[in-house]
Amino acid sequence: MIPFIDLQTQYRGIRPEITAAVERVLDSGQYALGSEVDAFEAEFASYCAAPHAVAVSSGTNALHLALLVAGVGPGSEVITVPFTFVATVATIGYTGARTVFVDVEPHSFTLSPDQLEAAITERTRAIVPVHLYGQPADMDPVLRIARRYKLTVIEDAAQAHGAAYRGSRVGSLGDLACFSFYPTKNLGACGEGGAVTTSRPEHDQALRELRDWGQAAKYEHRVKGFNYRMDALQAAILRVKLRHLETWTRARQAHARRYQELLAEDVATPTVMAYARHVFQLYSVRAPKRDELRHELHRHGIQTGVHYPVPVHLQPAYRDLGYGPGDFPVSEEAAREVLSLPLYPELEEKDVRRVAQVLKSLVTPPRVALPGLETG
Ligand SMILES: *Cc1c(COP(=O)(O)O)cnc(C)c1O
């Protein structure tokens, strides 16, 4: 059996480091925010080449706060893509704003800059490009258009820790960027966590207040805030894992290259854009008969995932946005065809080979034996 993801093996490799970090926090008596969270913020900001990082309790909450400090609220519109995890869109709704979708590009599955300008109205406040599967969106044209219309750019970088666009790290590209440390992400906590990075001191200050009940000082609530604090155990664990992240990223990239070598002739493999450092949170191929193929792979002991089977504009919960089938054809086709193969740093090369071999055997039509040719 080849699992889709394997968190226990990663833990076994760093168990003494994690145990030491956890014991340090338990001994400290400081369990929410505090010095571990401060240290993690400094280290993560530096990793992202961003001046500030604010740690929060999930990627979802990171997005919610980033939208709020961008001034998004009732009456605003925010532009994003329908081919993403639901949190990107849900958090826009939390602020009272309306989501306006543009489709994704057919090769990168990220926001199509060509469609951006037509979606802008006088209500638009922010654009949220999603760095899907670990590959950055095409940021230069997005930033150019945003500057022209004075819009805030919030990167949804939940899948893209350590990715880069034309040599610049994700997290330092937009006005704000949001990360998730959900356990299955490239940098994953042993629980929930998230962070917002920003280059702007005023955003940094506002984020710190909002995550802790809108307090500038104890029991002084300048604005209505939230309990979105990161806990110290997660910060201490994330500090340990951050030290391994580059090694893990290179392992992901090596597995992706191997898949590419073995599969490119028979399957539509992911496109790495010329501008991108892709960190392969997911390795998704495209297959026209995806569901059948997935079923067959499972029968052969290979677990896969689908990210995502239904674009957000066709989800029952978001019918109120007023979109329907056919509105975003690239997203809709991607949702029908994408199939994520097992990919995590600890995956073994023999497993990559086995996945590729089984997949090839399933998509390559069997050779027809021509009468008369098989003898003689
Ligand atoms: C995981 C994810 C989120 C949400 O992060 P959580 O930490 O699970 O709240 C948001 N956007 C994208 C694209 C994600 O993959």
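Since every read-out is calculated from the coordinates, none of them should be taken as a lab result. Computed from a predicted structure; not experimentally measured. Don't worry about glycine lacking a Cβ; one is built from the backbone with ideal geometry, like all the others, and counts go over all protein chains shown.
Are any residues in the stretch 105-137 over 15 Å from the mean Cα position of the chain (by Cα) and either among the acidic types (Asp, Glu) or surrounded by 24 or more Cβ atoms within 10 Å (Cβ to Cβ) (or both), and if so, which ones? Across the stretch 105-137, the qualifying residues are GLU105, ASP114, GLU117, GLU122, ALA126, ILE127. Number of residues in the stretch 181-197 that are surrounded by 21 or more Cβ atoms within 10 Å (Cβ to Cβ), within 11 Å of the ligand (Cβ to nearest atom) and either of a type in the set (Val, Ile, Thr) or closer than 21 Å to MET273 by Cβ (or both): the value is 1.
Reported count of residues in the stretch 129-144, each being assigned to a helix (DSSP H, G or I) and either without any contact (Cβ under 8 Å) to a residue 24 or more places away in the chain or more than 12 Å from the ligand (Cβ to nearest atom) (or both), is 6. Residues of the stretch 1-35 that are closer than 23 Å to ASN227 by Cβ and surrounded by fewer than 17 Cβ atoms within 10 Å (Cβ to Cβ): VAL22, LEU26, SER28, GLY29, GLN30, TYR31, ALA32, SER35. Residues in the stretch 36-60 that are closer than 12 Å to ARG229 by Cα and part of a loop (DSSP other than H, G, I, E, B): SER57, SER58. When the stretch 252-275 is filtered for residues that are under 30 Å from ALA20 (Cβ atoms) and crowded, with 17+ Cβ neighbours inside 10 Å, the ones remaining, listed by number, are ARG252, GLN253, HIS255. Taking the criterion of being within 15 Å of the chain's Cα centre (by Cα) and away from the ligand (no atom under 16 Å from the Cβ), the only residue of the stretch 166-180 that qualifies is ARG169. Assess whether SER180 counts as being out of contact with any helix residue (DSSP H, G or I) (no Cβ under 7 Å at 6 or more places or on another chain) and of a type in the set (Gly, Ala, Ser). No: the conditions fail for SER180.
State all residues of the stretch 106-128 that are more than 23 Å from GLU337 (Cα to Cα) and within 16 Å of the ligand (Cβ to nearest atom); if no residue qualifies, say none. Within the stretch 106-128, ALA126, ILE127, VAL128 meet the criteria. In the stretch 82-95, of all residues being among the aliphatic types (A, V, I, L, M) and near the ligand (Cβ under 10 Å from one of its atoms), the one that is farthest from ASP320 (Cα to Cα) corresponds to ALA87. Sub-6 Å Cβ pairs linking a first residue in the stretch 49-64 that is on the phi > 0 side of the Ramachandran plot and touching a residue at least 40 places away in the same chain (Cβ under 8 Å) to a second residue that is away from the ligand (no atom under 15 Å from the Cβ) and assigned to a strand (DSSP E or B), at least 6 apart or interchain, are ALA49/ARG169, ordered by first then second residue.
Checking each residue in the stretch 38-65 for being of a type in the set (Val, Ile, Thr) and within 14 Å of the ligand (Cβ to nearest atom) picks out VAL56, THR60.
Of all residues in the stretch 211-232, those that are surrounded by fewer than 23 Cβ atoms within 10 Å (Cβ to Cβ) and within 16 Å of the ligand (Cβ to nearest atom) total 5. Taking the criterion of being hydroxyl-bearing (Ser, Thr, Tyr) and within 25 Å of ALA274 (Cα to Cα), the residues of the stretch 101-155 that qualify are SER108, THR110, SER112, TYR133.
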